[in-house]
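This report refers to the structure that appears directly beneath it.
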Amino acid sequence: MSSVGLNAVTSRRIAERVTRTVQGREYRLFYNPMWGHFGDANGDTAGSYFYDSAEHVNYFWNVFDQVLLRPELAKRFDSTQLNIVKSVGERSLVRGDGRPDGTLYSDHLPIVFELDF
């Protein structure tokens, strides 16, 4: 993780540290629960965006759409209330192979989440 970025970590436990220090400078942390939606963990749609390039490095699935929470707010967050939306009513936003249907809708799948205030 780069200290010049957003300092978003994949683990709620690490985020609870609140800060990290790099070369004597303190940086506040975010918790990023979207990592739990990356890969095969939630079915055949393994991210919110799919890109198949003809380059040497190709990740195919990406999670460009993010939820970032400060540790204080992450305590009120239930990870089961975060979802990548694959359908709206009877309309599927994905093709048969689980990829976003960019022809009819969007190349990104929307995300939805709830916070307990």
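Before moving on, here are some points about what is shown:
- Our compactness index for segment 1-70, the C-alpha radius of gyration over the empirical 2.2 N^0.38 Å, is 1.32.
- 3J(HN,Hα) along segment 64-70, derived from phi through the Karplus expression 6.51 cos²θ - 1.76 cosθ + 1.60 where θ = phi - 60°, amounts to 6, 8, 10, 10, 10, 10, 5 Hz, with x in place of Gly and Pro.
- In a DSSP loop and with at most 11 other Cβ atoms within 10 Å, the GluC sites (Glu not before Pro) in segment 1-100 are Glu55, Glu90.
- Amide hydrogen neighbours beyond the local backbone of Ser92, cut-off 5 Å, H modeled: none
- In sequence order, segment 103-117 has phi-based couplings of 6, 8, 10, 8, 7, 10, 8, x, 10, 9, 8, 10, 10, 8, 8 Hz under the Karplus curve 6.51 cos²θ - 1.76 cosθ + 1.60, θ = phi - 60°, and Gly or Pro positions carry x.
- Semi-axis lengths, largest first, of the ellipsoid equivalent to segment 58-117 are 26, 15, 8 Å, with √(5λ) applied to each eigenvalue of the Cα gyration tensor.
- Distant-in-sequence amide contacts of Leu6, defined by a placed amide H-H separation under 5 Å and a gap of 5 or more residues or a different chain, comprise nothing.
- Most fluctuating residue given options Arg25, Arg99, Arg12, as computed from a GNM of the chain linking Cα atoms under 10 Å: Arg25
- A simple rule links phi to the HN-Hα coupling: the Karplus curve 6.51 cos²θ - 1.76 cosθ + 1.60 with θ = phi - 60°, which for segment 25-35 gives 10, 8, 10, 6, 9, 10, 9, 10, x, 5, 4 Hz, with x for Gly and Pro.
- For the chain, the equivalent ellipsoid derived from the alpha-carbon gyration tensor has semi-axes of 30, 19, 10 Å in decreasing order.
- Take the Cα of Val22, step 7 Å toward its Cβ, do the same at Thr103, and the gap between the two points is 4.3 nm.
- Close amide H pairs (under 5 Å, H built 1.01 Å from N) link Ile111 with Val85, residues at least 5 positions away or on another chain.
- Euclidean distance between Cα centres, segment 1-73 to segment 82-110, Å: 22 Å
Readers should treat all values here as calculations from the given coordinates under stated rules, not as data from a laboratory. Predicted, not measured: the structure shown is a model, and the values here were computed from it. Cβ: placed from backbone, ideal geometry, glycine included. Neighbour counts: every protein chain shown.
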